[in-house]
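What follows is a short report on a single structure.
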Amino acid sequence: MISQEYELQAAQVGKPGIEAALERQSELFKAFGDKNRQKILHLLRGGERCVSELLPHFDILQPTVSTHLLILEESGVLKVRRDGRRRLYSIADRRIYDALDSFYDGVSKLTAV
């Protein structure tokens with residue numbers, strides 16, 4: 001059944017608009033496909049935080065954490081609010097967590113050994 005769905009989707013790749021959808025999917029997989037960005041999303045489940053509040057949870061430098069935040073922001077996953085000189089990051093839509101949890105749970109079950 002999965003192969004039939006894949007064949008159907010593969011046949012639609014040449015249709016107008018599918019390239020934009022595939023590009024968007026690639027952006028999202030890039031955003032979600034890094035361990036540090038997943039950790040940021042996990043930390044933001046508790047509410048908005050600035051980079052200095054996130055930094056102690058990582059073994060990487062502040063500019064690298066900021067780059068990960070920028071990738072999540074540019075993908076539309078995070079929103080940013082200015083508070084004086086600070087930039088406060090939060091999830092753009094909390095339903096993203098439901099979608100991610102469902103995705104990870106489903107894929108984990110499919111790939112269980």
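Across the range 34-52, which residue is farthest from the chain's Cα centre (by Cα) among those that are loosely packed, with under 12 Cβ neighbours inside 10 Å and within 25 Å of R24 (Cα to Cα)? Before the answer, list the steps.
First pass over the range 34-52, keeping only residues loosely packed, with under 12 Cβ neighbours inside 10 Å: 35, 45-47, 52.
If we keep only those that are within 25 Å of R24 (Cα to Cα) too, we end up with 35, 45.
Working: K35: 10, R45: 13 Å.
The residue in question is R45.
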Yes/no for I96 being surrounded by fewer than 15 Cβ atoms within 10 Å (Cβ to Cβ) and closer than 19 Å to G33 by Cα: no
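Is there a residue being under 27 Å from E23 (Cα atoms) and surrounded by fewer than 16 Cβ atoms within 10 Å (Cβ to Cβ) anywhere in the range 53-64?
In the first step, residues of the range 53-64 are kept if they are under 27 Å from E23 (Cα atoms); the result is 63-64.
When the remaining residues are screened for being surrounded by fewer than 16 Cβ atoms within 10 Å (Cβ to Cβ), the result is 63-64.
The answer is yes, given that some residue of the range 53-64 is under 27 Å from E23 (Cα atoms) and surrounded by fewer than 16 Cβ atoms within 10 Å (Cβ to Cβ).
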Report the residue count in the range 60-109 for those that are closer than 25 Å to R24 by Cα and either aromatic (F, W, Y) or in a loop (DSSP other than H, G, I, E, B) (or both). 10
Give the range 19-59 a look and list any residue that's within 13 Å of L72 (Cα to Cα), outside any helix (DSSP H, G or I) and free of Cβ contacts under 8 Å to residues at least 12 places away in the same chain, or say none. G33
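Read-outs throughout are calculated quantities, based only on the coordinates presented, and are distinct from any laboratory measurement. In this text the structure is predicted, and so the values were computed from the model without any measurement. Neighbour counts run over all protein chains shown; Cβ positions are idealised from the backbone, glycine included.
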